[in-house]
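The values are calculated or read from the model by the stated rules, or taken from the named source; none is laboratory data. A quick note: this is a predicted structure, and the numbers were derived from the prediction, not measured. Methodologically, a virtual Cβ is constructed for each residue, glycine included, from the backbone with ideal geometry; neighbour enumeration extends over all protein chains shown. Heads up: the accessible areas ignore ligands, DNA and RNA and are worked out on the full protein's heavy atoms, side chains in. Shrake-Rupley method; radii C 1.70, N 1.55, O 1.52, S 1.80 Å.
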Amino acid sequence: MNLLSFRGGIHPPHSKSMTEHLPVEKALEPETVVIPLQQHIGAPCQAIVEVGEKVKVGQKIGEAGGFVSAPVHSSVSGTVKKIEKRMIINGTGTCVVIESDGLNEIHESVVPKGDVETLEPKEILDIINEAGIVGMGGAGFPTRVKLSPPPDKKIDVLIVNGAECEPYLTADHRLMLETPEDVVYGLRAVMKVLGLEKAYIAIENNKMDAVLSVKEAAKEYPGIQVVTVKTKYPQGGEKQLIYACSQREVPSGALPMDAGAVVSNVATMSAISKAIRTGMPLIERICTVTGDGIVEPKNIMIKNGTRISEIVAQAGGYKGDPGKLILGGPMMGFAQFTDNLPSTKTTSGVLVFTEEQARLPEYNPCIRCGKCVDICPSFVQPFAISAYSLNGMFDMAEKYNAMDCIECGSCSFICPSKRPLLHSIRMAKREIISKRRKTK
Ligand code: SF4
Ligand code: SF4
């Protein structure tokens with residue numbers, strides 16, 4: 001089979017067998033949820049509820065705080081106990097703490113919004129906006145913004161990302177197996193918004209059962225093409241998928257829309273489908289709880305704002321002392337020092353390594369083998385950017401296109417000298433961004 005792919009990339013062990021055959025379980029009802037007002041790239045939301053107020057499932061509790069922002073909703077019915085700063089995945093942020101009454105009363109606003117056949121594109125966009133839908137595969141970019149490109153950017157390639165190329169994670173795989181019709185329905189809605197007759201759903205060839213399941217769900221829609229892409233990391237990167245499906249390259253420093261493309265995740269499509277068909281905003285998602293440090297790995301449907309410690313407990317708890325806790329996958333996820341954190345719309349995985357797996361190797365001098373350059377999907381020179389960064393020469397790192405790095409971690413994975421490439425490149429990017437802000 002001639003599989004679609006991109007230049008570069010790596011083949012880390014899949015490590016998906018622990019959970020790929022396990023149907024999604026419903027999470028136990030959390031007694032309290034802690035809902036961050038910022039769960040997306042962009043401006044934080046403003047709380048629109050008060051301490052002591054009763055709220056219901058699906059009720060909006062945070063209004064979008066700017067153009068690039070998305071509202072948040074309550075995932076339980078109960079009482080608002082606090083609105084305060086708490087630790088969240090990337091630091092601290094204001095959260096709405098709600099004590100559940102266990103009744104799961106649905107808010108009056110949660111009613112079916114219509115049908116994709118009859119809704120106008122603008123109406124669909126408004127539903128997506130009001131439902132607080134963000135990209136559920138990565139950083140959580142507000143979907144309404146992604147689907148509203150400036151008039152001079154003509155979009156003609158739409159790709160739904162079902163690659164799930166991160167090792168360990170199986171949440172999207174199970175979604176495509178268990179509710180493929182939601183993925184197709186959401187995609188049809190997005191095609192209508194963008195005025196497109198054609199779209200791709202891209203799935204890696206280590207998930208052939210998902211390929212068949214989504215093909216079956218899409219068979220009545222000839223404009224939807226389910227494509228099998230090579231199992232290779234980072235196949236699910238936006239630029240990599242665009243190249244694989246359309247052979248278009250997104251230029252350095254540009255966005256997918258500059259290449260006429262929009263890429264969105266399968267879980268996002270499913271959330272759009274629910275928002276239209278049931279009126280329920282984005283308040284829950286599938287999360288893979290896995291790794292050798294977890295007693296009973298699982299795929300769980302978790303409510304937004306559930307404490308990570310409760311999610312781990314539902315998977316049997318920790319096996320021994322946890323060595324490392326990562327939210328997301330092992331390549332692009334974020335290591336955490338505590339499990340006393342709330343889940344968000346983008347918590348696709350809770351991964352726990354044993355102490356032995358978590359031990360960082362000693363690193364050695366670069367031997368100029370060039371492997372990191374060969375596999376870099378962004379075509380930069382990781383060894384050079386890293387060296388400049390480690391020597392504080394951030395201007396040089398910028399000249400070597402550090403900002404094109406998508407932080408996939410492939411270079412660190414492949415390096416025989418175990419150099420801290422990704423860490424040092426991230427540091428350079430932070431410094432470059434900070435310098436750009438200061439000189440604005
Ligand atoms: S430099 Fe960035 S994009 Fe290239 S392999 Fe390393 S982490 Fe990935
Ligand atoms: S892979 Fe490691 S050792 Fe090889 S060139 Fe890159 S940084 Fe140097």
*Average projection area in nm² (convex hull over Cα atoms of the range 59-155, one quarter of hull surface)*: 8.4
*Any lysines with Cα under 18 Å of the residue 440 Cα? List them, leaving off those in the same chain fewer than 8 positions away.*
429
*Roughly what would the spin-label model give for residue 278 and residue 178, points 7 Å off Cα along C-beta, in nm?*
1.2
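Which value at 222 nm does the chain reach when only helices count, each DSSP H run of 4 or more adding -39,500 (n - 2.57), with the total divided by all residues and rounded to the nearest 500 deg cm²/dmol?
-8000 deg cm²/dmol
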_the range 389-428: translational diffusion in µm²/s, Stokes-Einstein, Kirkwood Rh over Cα pairs, 25 °C, 0.890 mPa s_ = 236
*Loop sites in the range 265-373: trypsin sites (Lys or Arg not before Pro), DSSP, at most 13 other Cβ within 10 Å*: 359, 368
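In square nanometres and to one decimal, what's the mean projected area of the convex hull around the Cα atoms of the range 1-76? Don't skip to the end; give the middle numbers.
Numbers: hull surface 39.4 nm².
Mean projected area for the range 1-76: 9.9 nm², to one decimal.
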*Would you mind classifying the range 312-360 by shape? Square roots of the alpha carbon gyration tensor eigenvalues, ordered a ≥ b ≥ c; an a/c under 1.5 is rounded, otherwise it is prolate if a/b is larger than b/c and oblate if not.*
oblate
*For residue 340 and residue 395, compute 0.36 nm times the residue count separating them, minus their Cα-Cα distance, and round to one decimal in nm.*
16.0 nm
*asked:* Run the reach check for residue 207 against lysines, Cα to Cα strictly under 22 Å, same-chain hits fewer than 8 apart removed. What comes back?
replied: 16, 215, 219, 230, 232, 239, 298
*More than 26 Å apart: what percent of Cα pairs in the chain qualify?*
56
*Calculated FRET efficiency for the pair residue 379/residue 92, C-beta based, R₀ 41 Å, to 0.05*: 0.70
*asked:* Please compute the modelled spin-label separation between residue 81 and residue 43, points set 7 Å along Cα→Cβ, answer in nm with one decimal.
replied: 3.1
*In terms of modelled amide H atoms, which long-range or inter-chain residues lie less than 5 Å from the amide H of residue 62?*
48, 72
*Hey, what's the range 159-282 come to in accessible area per residue, 1.4 Å probe, Å²?*
32
*Over all Cα pairs of the range 1-134, how is the pair count split among 10 Å bins, expressed in % and running from 0 up to the last occupied bin?*
11, 29, 28, 22, 9, 1, 0
*Summing +1 for each Lys or Arg and -1 for each Asp or Glu, what net charge is found among the other residues whose Cβ lies under 13 Å from the Cβ of residue 201?*
-1
*If you project the alpha carbons of the range 246-357 onto the principal axes, what extent comes out on each, in Å, largest first?*
49, 39, 20
*Starting from the Cα gyration tensor of the range 123-279, multiply each eigenvalue by 5, take the square root, and state the resulting semi-axes largest first in whole Å.*
21, 19, 14
*Separation of alpha-carbon centers, the range 229-280 and the range 69-137, rounded to whole Å*: 23
_Cut-off 13 Å, label 7 Å out along Cα→Cβ of residue 51, residues of the range 67-85 by amide N_ = 80-85
*For the chain, what is the percent of antiparallel DSSP beta bridges, rounded to the nearest 5?*
65
*Roughly how many nanometres apart are two label points built 7 Å out from the Cα toward the Cβ at residue 367 and residue 295?*
4.4
*Where only protein heavy atoms count, and the probe is 1.4 Å, what is the accessible area per residue for the range 1-80 in Å²?*
47
_Given a 1.4 Å probe and heavy atoms of the protein chains only, how would you sort 136, 427, largest accessible area at the top?_
427, 136
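With a 1.4 Å probe and every protein chain left in place, work out the accessible area per residue of the range 316-440 in Å², rounded to a whole number.
Value for the range 316-440: 54 Å² per residue.
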_Between residue 63 and residue 101, what's the calculated FRET efficiency when r is the beta-carbon distance and R0 is 22 Å? Round to 0.05._
0.40
*Amide N of the range 10-30 lying under 17 Å from the label point, which is placed 7 angstrom from the Cα of residue 357 along Cα→Cβ*: 12-22
_On the Cα set of the range 294-429, report Rg and Dmax in Å, please._
17.4, 49
_Cut-off under 23 Å on the C-alpha distance; same-chain residues fewer than 8 positions from residue 60 excluded. Which lysines are left, in chain and number order?_
26, 81, 82, 85, 113, 122, 146, 274, 303, 345
*Which residues in the range 252-286 have a backbone N closer than 19 Å to a point placed 7 Å from the Cα of residue 22 along the Cα-to-Cβ line?*
285-286
*Round to a whole number: what % of the accessible area of the chain belongs to carbon and sulfur, probe 1.4 Å?*
54
